[in-house]
Amino acid sequence: MAVQSDIAIDVHGLTKSFDGRVVVRDLSMQVKRGTIYGFLGPNGSGKTTTIRMLCGLLTPDSGEGTCLGYDIRTEADEIKRHVGYMTQRFSLYQDLSVRENLEFVARIYGLNAPVKSAKEMIARLGLTGREEQLAAQLSGGWKQRLALGACTLPSPQLLLLDEPTAGVDPKARREFWNEIHALANDGLTVLVSTHYMDEAERCHEIAYIAYGELLTHGTVEQVVEQSNLTTYNVGGDDLQKLLQALEGKPGIDMVAPFGASLHVSGRDEKKLEAAIKPFRDGKKYNWSRAEPSLEDVFIELMNRSKDNFR
Amino acid sequence: MSWLGRIGSSGFWRRAKAMLVKEFIQLRRDRVSFAMIVMIPIMQLILFGYAINTTPRNLPTAVLLQETSDVGRTILAAIERTGYFKITHRLASVEEFDRVLASGEVLFAIEIPAGFERALRRGDMPALLVAADATDPVGSSSALGALNRIAQVALINERMLPDQTQPLFEIRAHARYNPAASSSLNIVPGLVGTILTMTMLIFTALSVTREVERGTMESLLSMPISPLEIMVGKIIPYIMVGFTQAALIIGFGVLLFGVPILGSLLLLALLSTLFIATNLSIGYSFSTVAQNQLQAIQMTFMFFLPNILLSGFMFPFAGMPVWAQWVGEALPLTHYLRIVRSIMLKGSGFIDLQYEVLALFALMLVAMTIAVTRFRRTLD
């Protein structure tokens, strides 16, 4: 048994490429035990590849590290015993019932009383009465809950959830997150990848990855602060015209409509002020300083990294 | 009328062409389908053209000489000259005579009895005993037909013999194991092997690719289970399926066609299980190589074809050229056909079949090794 430290995931310099295309580049991250760590980034940014390297499903080209104290290169078998991995695509057996799926998992992990633990999990998931339903017949939200149940059944110490709530309705999503918080309360470490900003805000810590590089990490507040972004909220009529006028101007790094208003952001406060000055004079628009949202920060990060790597 | 109108409209051909272009692109990307389009006709052409021979020649023959005589040698030379027989074994005893036939080492055994030449010179019409393995009537019938002419012509150049207007000796041919030359006696045991090959291969060939295609493989790989455990768990249920199938075919064969089971039923059951496991392992190894279920089916089919044609199921094994026989030896069905026909029709025992058992074991081990090493433990 590896030494119990308060770090669950500790990896350095992970790099992985497929057919000469670098998918993850020099990625390092540390996740403390008992935290919910949000893993954000656009499609194809390398989130899934990173998660797969963490649980031993992919071998990194270079870099090393540990997961729960086990070496990700040489101790994949131990990692598999203590990590629950929920794949992006539903990967339980569609032609097995809820109960049969859970009993199968329980037996693979060698639980002492597979039938009993499956039954308890069914009750915990609120699936009592549906035990004999085939997994294929469950709705999207129930499938996700069942998959989470299958992951947590062998009492893992770390959960790796790859976009667990993609395509799930808001109510089911909220319940799913309540469950994740309950699990973290019991001391489980959770690494969860997502596209949703509201989900990011429910994480203890987040990391943002784009084009295979980890661009920023920390608590939500830290990430926003680190961005050094100055943001104005603009109200008024005919915002579309303003957007077109501002876009691409030096000093303005991002303009995006937010409901009835416009978010205008820049990394350099002085340059931004200079750029928007001509539009502030009239009474036409209503300008006010605002805290940049997480989305502003991420989109700006993504734009910037695109300039660097593409 | 309306559909005729549709064909006439320009939109019909535009859309049909879009579909056609898409199909060609997909076909070009699908290497295995492409290989099949080329390989299947070439394989069939070569196998039917060169390997298959329904009037086989040079069939392995054993001789038991109870006396050494010039007349005997002349007759044997005449028998070989027909082209149907090739003397491969010289026997020393009657026990050996029975053994080589039972083990399938030879298809014919000829005995020249003691005192043959003396009886011949006295004009007593002695008999030459020819025992044929008639489990495969197609293989032995034309050769037996050729024998009948031998008695008349074999000794025509020998001097110091009585009047040769009549045959001087008789050939007493005995079609062993299947005296009525009934083809169902040959086909029913053969079908056991053929059906098992097809079904067992398909079952396991799909087993891993199905998990990959449905996405369940990713989570299976993230669980603490080893490739060997997965393989064993996937093969054993189908051993039972195969066993049931074999029992059904043999049961109906006995009930409906009166096929005998002369040998030990237990031995038949044991060796059938071995054969089932061998095919399952081969199917499983396909499963670890194929990218998807379609490819797995195509591989199965490509493997099934030579099994049918070169195993001795449809055409006599002994009639094939040497290279085709070597290919045949590498196929599990070849060995199982010998096993099942020998046990059922000849009453052969384990000792007679040890080579076939060894061959099946070897094929199974090779397939399992390929499967376990090819099985991808990661998604790399």
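Can you find even one residue in segment B:65-79 that is of a type in the set (Lys, Arg), in a helix (DSSP H, G or I) and more than 28 Å from B:ILE308 (Cα to Cα)? It would help to see each step written out before you state the result.
Taking segment B:65-79 as the starting set, the residues that turn out to be of a type in the set (Lys, Arg) are B:73.
Imposing the further condition that a residue be in a helix (DSSP H, G or I) reduces the set to B:73.
Okay, now just the ones that are also more than 28 Å from B:ILE308 (Cα to Cα), so B:73.
Yes, segment B:65-79 contains at least one residue that is of a type in the set (Lys, Arg), in a helix (DSSP H, G or I) and more than 28 Å from B:ILE308 (Cα to Cα).
Can you go through B:PRO189, B:PRO137 and tell me which one is buried (at least 18 other Cβ atoms within 10 Å of the Cβ) and not assigned by TED's automatic domain parsing to the domain that holds B:GLN66? If you could, list the steps in order and put the result at the bottom.
Numbers: B:PRO137 fails: not assigned by TED's automatic domain parsing to the domain that holds B:GLN66.
Answer to the check: B:PRO189.
Condition test on B:ILE225, is it surrounded by fewer than 21 Cβ atoms within 10 Å (Cβ to Cβ) and away from chain A (no Cβ under 14 Å)? Even if it seems obvious, please write down each step before you answer.
Details: surrounded by fewer than 21 Cβ atoms within 10 Å (Cβ to Cβ): yes; away from chain A (no Cβ under 14 Å): no.
Taking the combined requirement at face value, the residue does not satisfy it.
Taking B:ARG149 as meeting all but one of (1) at pLDDT below 80; (2) surrounded by fewer than 18 Cβ atoms within 10 Å (Cβ to Cβ); (3) not in a helix (DSSP H, G or I); (4) not polar (S, T, N, Q), write down the number of the exception.
(3)
Being exposed (fewer than 13 other Cβ atoms within 10 Å of the Cβ) and either farther than 25 Å from A:GLY56 by Cα or modelled with pLDDT of 90 or more (or both) narrows it down to one residue among A:GLN244, A:GLN222, A:GLN157; which is it?
Details: A:GLN222 fails: exposed (fewer than 13 other Cβ atoms within 10 Å of the Cβ); A:GLN157 fails: exposed (fewer than 13 other Cβ atoms within 10 Å of the Cβ).
None of the others qualify; the one that does is A:GLN244.
Kindly provide the set of residues from segment B:281-319 that are among the aliphatic types (A, V, I, L, M) and either buried (at least 23 other Cβ atoms within 10 Å of the Cβ) or in a helix (DSSP H, G or I) (or both), ordered by number.
Taking segment B:281-319 and keeping what is among the aliphatic types (A, V, I, L, M), we get B:282, B:289-290, B:294, B:296-297, B:299, B:302, B:305, B:308-310, B:314, B:318.
Result: B:ILE282, B:VAL289, B:LEU294, B:ALA296, B:ILE297, B:MET299, B:MET302, B:LEU305, B:ILE308, B:LEU309, B:LEU310, B:ALA318.
Quickly run through segment B:260-313 and pick out the residues that are touching a Lys or Arg at 6+ places or on another chain (Cβ under 7 Å) and among the hydroxyl-bearing types (Ser, Thr, Tyr).
Result: B:TYR284, B:SER285, B:THR288.
Residues are listed down the side, and each one gets a yes or a no for (1) surrounded by fewer than 21 Cβ atoms within 10 Å (Cβ to Cβ); (2) touching a residue at least 12 places away in the same chain (Cβ under 8 Å):
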position	(1), (2)
B:GLY253	no, yes
B:PHE257	yes, yes
B:PRO260	yes, yes
B:LEU265	yes, no
B:SER272	no, yes
B:ASN279	no, yes
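Considering segment A:26-44 alone, what residues qualify as being over 15 Å from the mean Cα position of the chain (by Cα) and under 19 Å from B:LEU379 (Cβ atoms)?
Residues of segment A:26-44 that are over 15 Å from the mean Cα position of the chain (by Cα), as a first pass: A:26-28, A:32-34.
Scanning segment A:26-44 gives a single hit, A:LEU27.
With the checklist (1) under 30 Å from A:LEU146 (Cα atoms); (2) buried (at least 21 other Cβ atoms within 10 Å of the Cβ) in hand, flag the one item A:ALA182 doesn't pass.
It is condition (2) that A:ALA182 fails.
Just name the residue that is surrounded by the fewest Cβ atoms within 10 Å (Cβ to Cβ) out of those in segment A:50-90 that are among the hydroxyl-bearing types (Ser, Thr, Tyr) and facing chain B (nearest Cβ under 9 Å). Reasoning before the result, please.
Start the filter on segment A:50-90 by keeping residues that are among the hydroxyl-bearing types (Ser, Thr, Tyr), which leaves A:50, A:59, A:62, A:66, A:70, A:74, A:85, A:87.
Now restrict to residues that are facing chain B (nearest Cβ under 9 Å): A:59, A:85, A:87.
Values: A:THR59: 15, A:TYR85: 26, A:THR87: 25.
Checking each candidate, the answer is A:THR59.
What residue, among those in segment B:201-219 that are β-branched (Val, Ile, Thr) and more than 13 Å from chain A (Cβ to nearest Cβ), is surrounded by the most Cβ atoms within 10 Å (Cβ to Cβ)?
This residue is B:VAL208.
Determine which single condition A:ALA275 fails, assuming it passes every other condition in (1) out of contact with any strand residue (DSSP E or B) (no Cβ under 6 Å at 6 or more places or on another chain); (2) buried (at least 20 other Cβ atoms within 10 Å of the Cβ).
Status for A:ALA275: all satisfied but (2).
Counting residues that are within 20 Å of A:SER193 (Cα to Cα), which helices (runs of 4 or more DSSP H) fully inside segment A:1-115 reach at least 2?
Values: elements: A:47-54, A:76-82, A:98-108.
The helices (runs of 4 or more DSSP H) meeting that bar are A:47-54, A:76-82.
What number of residues within segment B:52-68 satisfy the criterion of being buried (at least 18 other Cβ atoms within 10 Å of the Cβ) and more than 26 Å from B:GLY328 (Cβ to Cβ)?
Residues flagged as buried (at least 18 other Cβ atoms within 10 Å of the Cβ) and more than 26 Å from B:GLY328 (Cβ to Cβ) within segment B:52-68 amount to 2.
Every residue in segment B:32-59 that is at pLDDT 85 or above and touching a Gly at 6+ places or on another chain (Cβ under 9 Å), please.
B:LEU59
With the checklist (1) over 29 Å from B:VAL100 (Cα atoms); (2) in a helix (DSSP H, G or I) in hand, flag the one item B:LEU191 doesn't pass.
Only one criterion in (1) over 29 Å from B:VAL100 (Cα atoms); (2) in a helix (DSSP H, G or I) is unmet by B:LEU191, namely (1).
Counting only residues that are among the polar types (S, T, N, Q) and within 14 Å of another protein chain (Cβ to nearest Cβ), which one in segment A:12-49 is nearest to A:GLU295 (Cα to Cα)?
Going residue by residue through segment A:12-49, those that are among the polar types (S, T, N, Q) are A:15, A:17, A:28, A:30, A:35, A:43, A:45, A:48-49.
Then drop every residue that is not within 14 Å of another protein chain (Cβ to nearest Cβ), which leaves A:15, A:17, A:48-49.
Values: A:THR15: 27, A:SER17: 28, A:THR48: 21, A:THR49: 23 Å.
Applying the filter and picking the extreme gives A:THR48.
Whether any residue in segment A:92-104 is more than 9 Å from chain B (Cβ to nearest Cβ), crowded, with 17+ Cβ neighbours inside 10 Å, in contact with a helix residue (DSSP H, G or I) (Cβ under 7 Å, 6 or more places away or on another chain) and charged (D, E, K, R) is what I want to check.
yes
Looking at segment A:17-27, which of its residues are surrounded by fewer than 23 Cβ atoms within 10 Å (Cβ to Cβ) and either at pLDDT 95 or above or not small (Gly, Ala, Ser) (or both)? Step through it out loud before you land on a result.
Start the filter on segment A:17-27 by keeping residues that are surrounded by fewer than 23 Cβ atoms within 10 Å (Cβ to Cβ), which leaves A:17-23, A:25-26.
Those that are surrounded by fewer than 23 Cβ atoms within 10 Å (Cβ to Cβ) and either at pLDDT 95 or above or not small (Gly, Ala, Ser) (or both): A:PHE18, A:ASP19, A:ARG21, A:VAL22, A:VAL23, A:ARG25, A:ASP26.
Per-residue answers, yes or no, for (1) modelled with pLDDT under 90; (2) within 14 Å of another protein chain (Cβ to nearest Cβ):
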position: B:ILE187; (1), (2): yes, no
position: B:THR199; (1), (2): no, no
position: B:LEU221; (1), (2): no, yes
position: B:GLY233; (1), (2): no, yes
position: B:VAL241; (1), (2): no, no
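The values are calculated or read from the model by the stated rules, or taken from the named source; none is laboratory data. Keep in mind that this is a model prediction, so the values were computed, not measured. Virtual Cβ from ideal backbone geometry, glycine too; neighbours counted across all protein chains shown.
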